[in-house]
Amino acid sequence: MKKHNFSAGPCILPQSVLQQSAEAVLNFNNSNLSLIEISHRSKDFVAVMENARNLALEHLGLQNKGYQALFLQGGASLQFLMAAYNLLEKKAAYLNTGTWSDKAIKEAKLLGEVVEVATSKSENFNFIPKNYTIPKDADYFHCTSNNTIFGTQMRTFPETEIPMVCDMSSDIFSRQLDFSKFSLIYAGAQKNMGPAGTTLVVIKEDILGKVSRAIPSMLSYKVHIDKESMFNTPAVFSVYVSMLTLEWLKEKGGITAIEKVNKQKAELLYSEIDRNPLFEGFVAEKEDRSKMNATFNLKNDELKATFDDYLKQAGINGLNGHRSVGGYRASMYNALPLESVQILVDVMQAIEKGA
Ligand SMILES: *Cc1c(COP(=O)(O)O)cnc(C)c1O
């Protein structure tokens, strides 16, 4: 039987998507060829790329609004650099809410001045800073919508006149936002969309062309836009699986429908963390808790071996916290069913009764 997969990333994908992907690897579109052995310039694959790009914009409500969707390589980590390369002329403003923001800042500093508008680093990133000021003369403001490692999530985004750039790797397509507030959104596929190997970049075209440096082709958004995300060989398999996941999401009713399920899952788990005397949450303020990654600890470490054993017996996978936080982390991405969260809650209650 398939395990209950709470892995933080790469992570769970819909079972039907895995099935279709497996079939396409053997025989793609009844061509008697594999998806991964045909030309990326073939009609069949060009249609996949087009469909994936369109679906991404459609889900985000950004069609015909001056945005382009790209499926690039190099992970969200390359976007830390690429965003700055294409947008940072003199100065950029960053909100530091965790390890990934910190890494984004490090890359941007290679290219210009970085103003850290606020940080929660001194508290091991257990909250989202609020009430900071974004300098009006910065080229852009960068934030991380969901902090995968620490389990915090931005509920609201600041109002600013400068372009807003957001790393949405671990919560894209999980909740409805006014995505038109963002000029650049990027997300590694392997958290909520597909296998590792491709990164979705959604960019408002009018923010480009404003920096004076020469941009190497592979790092240039403009080059990738002009080549319709096919400047070089794309990660065909990852793009195909991402397309299937976006189709799956559409059949489910889109972001609005999945957001309801995500909310139920998060409420179910957090209410157990709050109720059960054996556990405590990691995040300081309830309003900052992530609906995607719930971080929590066992108050009594001596119960760890028993709890881990219960988890294993229940078929629960991927619940260990990141090494910088410790404890446990339940990642509840779009494809994780509510039943899996219920099983986890049952295990938490079982150890309470046995203890
Ligand atoms: C996983 C993750 C990254 C890193 O993604 P890669 O694709 O491995 O480079 C960046 N930001 C966030 C928020 C993440 O969750």
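The values are calculated or read from the model by the stated rules, or taken from the named source; none is laboratory data. These numbers come from a predicted model, not from an experiment. FYI the Cβ positions are ideal-geometry reconstructions off the backbone, even for glycines, and counts take in every protein chain you see. Quick note on the areas: whole protein, heavy atoms, side chains included, nothing else; ligands and nucleic acids left out. Shrake-Rupley method; radii C 1.70, N 1.55, O 1.52, S 1.80 Å.
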Residue-count net charge about Gln20 - beta-carbon cut-off 13 Å; Lys, Arg +1, Asp, Glu -1: -3
Cα centroid of the range 214-238 to Cα centroid of the range 182-211, whole Å: 12
Net charge contributed by nearby residues that have their C-beta within less than 12 Å of Ile105 (K/R +1, D/E -1): -1
Phi to ³J(HN,Hα) by Karplus 6.51 cos²θ - 1.76 cosθ + 1.60 over the range 279-286, Hz, x for Gly, Pro: 10, 9, x, 8, 6, 5, 10, 4
Accessible surface, 1.4 Å probe, highest first, among residues Glu272, Glu287: Glu287, Glu272
5 angstrom amide H check on Phe279, placed H, neighbours 5+ away: Lys299
Shape of the range 254-354, Cα gyration tensor, a/c cut at 1.5: prolate
Rounded to 5, percent antiparallel among DSSP beta bridges of the range 15-251: 45
Exposure ranking of Trp100, Trp248 by accessible area [1.4 Å probe, largest first]: Trp100, Trp248
Summed side-chain charge close to Asn147 - residues other than Asn147 whose Cβ falls under 10 Å, Lys, Arg +1, Asp, Glu -1: -3
Proximal lysines to Lys65, defined as alpha-carbon separation beneath 25 angstrom and excluding residues fewer than eight positions away on the same chain: Lys136, Lys181, Lys204, Lys210, Lys222, Lys227, Lys250, Lys252
Under 5 Å, built H, 5+ apart or other chain: amide partners of Tyr140: Ala93
Residue of Phe296, Phe157, Phe173 that the Gaussian network model of the chain assigns the largest fluctuation, springs spanning Cα pairs under 10 Å: Phe157
Solvent exposure ordering (accessible area, 1.4 Å, most first) of Ser42, Ser180, Ser212, Ser170: Ser212, Ser180, Ser42, Ser170
Positive-end residue, the chain charge dipole about Cα centroid, Cβ charges, pick of Leu18, Asn232, Ile36: Asn232
Accessible surface of His224 - all protein chains present, 1.4 Å probe, nearest 10 Å²: 10
From phi via Karplus (6.51, -1.76, 1.60), per-residue ³J(HN,Hα) for the range 117-131 in Hz, x at Gly/Pro: 5, 6, 8, 10, 4, 5, 9, 6, 6, 8, 8, 9, x, 10, 6
For the chain, built as a Gaussian network whose Cα springs stay under 10 Å, the top-fluctuating residue of Gln153, Gln15, Gln73: Gln15
Solvent accessible area, Å² - Lys181, 1.4 Å probe, full protein context: 70
For the range 130-158 and the range 303-347, distance of Cα centres in Å: 28
Those residues of the range 206-248 whose amide nitrogen sits under 20 Å from the label point placed on Ala22, 7 Å along Cα→Cβ: 237-248
All Cα pairs of the chain, percent lying beyond 33 Å: 30
Extreme residue, positive dipole direction of the range 254-354, given options Gln313, Ile255, Leu278 (C-beta unit charges): Ile255
All-pairs Cα distance distribution in the range 155-242, expressed in whole percent, bin size 5 Å: 3, 12, 21, 21, 21, 14, 7, 1
Candidates Thr198, Thr256, Thr233, ranked by Gaussian network fluctuation over the chain, Cα under 10 Å, top entry: Thr233
